[in-house]
């Protein structure tokens, strides 16, 4: 498999989803603003969003894909039919659990909302009841997106990466339609319609994956639950993988709850909007790499190709650094003009833009580590080791909690994002050194040569953007078209400077470019 081509397929669709997501957030900022209504919706959306990250992009995929691949790749077995049988057995156990979980969360929506928000900061009984109502509306999305994850994992294992990567586009399109067609002058009404759109989008994504599976020859039927060895092993792997793969999301939940309970209304929205910008490169690079690396490495290890698995992970780290370092530098340096161009409309004023940019800078310090987690954890999951990542994730969450408590008062809305960045960096360091210690990863000469040069190129690009961004700032407050063109010019300038810097620093050479052109011509 061509790792770069597979990443481009997944990353391109994920990028399309993230761009639509930014458009959705821009409309949300315009029609709802930054206040209690926006905070209440984002708290209600946090729980299903966390489950999407844990299951769709984390735990279920991490546990299910290696086991599914083993069934399909067994040369002495029936191949794909064995994999589908295993998937049916997993569905038979998963579906009742999801139904029960949904019912329990609906019944206990009040305490769940309380835990996620700390009952906000000085709200009335009626306001908190409204927030609980939004939570109840979004809770069904948890079960729907978990079923999407099962079907998406099957398609990923069959190298149909693009189908699952396209599913989140339906979420953004649904919420955009809800904003454009059902917004109101009352922000509370608009936020409630967004909550309805979340659950509707879950049903649409499930229908899309069912259709795609059948189109690719995968038809599943419902079975009675059977607690055989495979199902027990799957469940044994899922729970620790959930914490391991979802450390960033769990940290964000902690940060959001503290911000809602201790800071002024609107702070949750600042942190959310900053995280959405931070998620753009994370979605394009990190989720794409994680989606491609896990089945690739597990397949290589299953075939005894340990050298190939090592090379795959080296190239994954190289791609992550190549794309992540400039993104982090740009978001730290240019957060203000980016936030102004995307969110500075209607009810989202200049003060809201400035605070969002501050939170974005704090988040972006940890951007490389957020993505390297996606690169390193497949080295554990492909060997069916979910205990080590979860142990480190727990340490990371403890660091995040301590950081939040220490930083949230002096740094306000910047404290939780900075604590999250620090915690993620600690997590990456532990994952990296453990893989090295076990002999499962060794940085090759190519990665050792390029990594520091890529970092220097990103610093050079950041310096140029720092001095040049003021030229475009006057154009970031006009019409949609003017703002879009100005932002595109800023991104293009940064990309051009970074490309030149990689050649100047020697991170890439003319020989590398010639080889890339030959590969493109051959393909």
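The values are calculated or read from the model by the stated rules, or taken from the named source; none is laboratory data. Keep in mind the model is a prediction, meaning the values are calculated, not measured. Cβ sites come from the backbone with ideal geometry, for glycine too, and all protein chains shown count toward neighbours.
Answer yes if at least one residue in segment 479-486 is over 28 Å from residue 346 (Cβ atoms), under 27 Å from the mean Cα position of the chain (by Cα) and free of Cβ contacts under 8 Å to residues at least 12 places away in the same chain, and no otherwise.
no
Tell me, which residue of segment 1-55 that is at pLDDT 75 or above and in a loop (DSSP other than H, G, I, E, B) is surrounded by the fewest Cβ atoms within 10 Å (Cβ to Cβ)?
Applying the first criterion (at pLDDT 75 or above) to segment 1-55 yields 16-48.
Now narrow it down to the ones that are in a loop (DSSP other than H, G, I, E, B): 33-35.
Values: 33: 21, 34: 26, 35: 18.
The residue in question is 35.
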TODO: State the number of residues belonging to segment 452-478 that are touching a residue at least 60 places away in the same chain (Cβ under 8 Å) and assigned to a helix (DSSP H, G or I).
DONE: 13
- [ ] Please state which of the following conditions residue 438 fails to meet, knowing it meets all the rest: (1) loosely packed, with under 15 Cβ neighbours inside 10 Å; (2) under 27 Å from residue 356 (Cβ atoms).
- [x] (2)
- [ ] Output the residue which, of all residues in segment 371-400 that are free of Cβ contacts under 8 Å to residues at least 40 places away in the same chain and crowded, with 16+ Cβ neighbours inside 10 Å, is nearest to residue 273 (Cα to Cα).
- [x] 399
TODO: Hey, can you tell me all the residues within segment 401-444 that are free of Cβ contacts under 8 Å to residues at least 60 places away in the same chain and not in a helix (DSSP H, G or I)?
DONE: 439
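Out of 141, 130, report the one residue that is touching a residue at least 12 places away in the same chain (Cβ under 8 Å), crowded, with 24+ Cβ neighbours inside 10 Å and farther than 23 Å from residue 68 by Cα.
Going through 141, 130 in turn, just one is touching a residue at least 12 places away in the same chain (Cβ under 8 Å), crowded, with 24+ Cβ neighbours inside 10 Å and farther than 23 Å from residue 68 by Cα: 141.
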Task: Filter result for the condition that a residue is over 18 Å from residue 276 (Cβ atoms) and touching a residue at least 24 places away in the same chain (Cβ under 8 Å), over 351, 314 - done: 314
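Please give the helices (runs of 4 or more DSSP H) falling wholly within segment 122-216 in which 3 or more residues are over 21 Å from the mean Cα position of the chain (by Cα). So that I can check it myself, show each step before the final result.
Values: elements: 125-138, 140-157, 161-182, 187-215.
Qualifying helices (runs of 4 or more DSSP H): 125-138, 161-182, 187-215.
If I ask for residues that are more than 26 Å from residue 63 (Cα to Cα) and buried (at least 24 other Cβ atoms within 10 Å of the Cβ), which ones from segment 405-420 would you list? Talk me through it step by step, then tell me what you get.
Restricting attention to segment 405-420, the residues satisfying the condition of being more than 26 Å from residue 63 (Cα to Cα) are 405-419.
Selection gives 415, 416, 417, 419.
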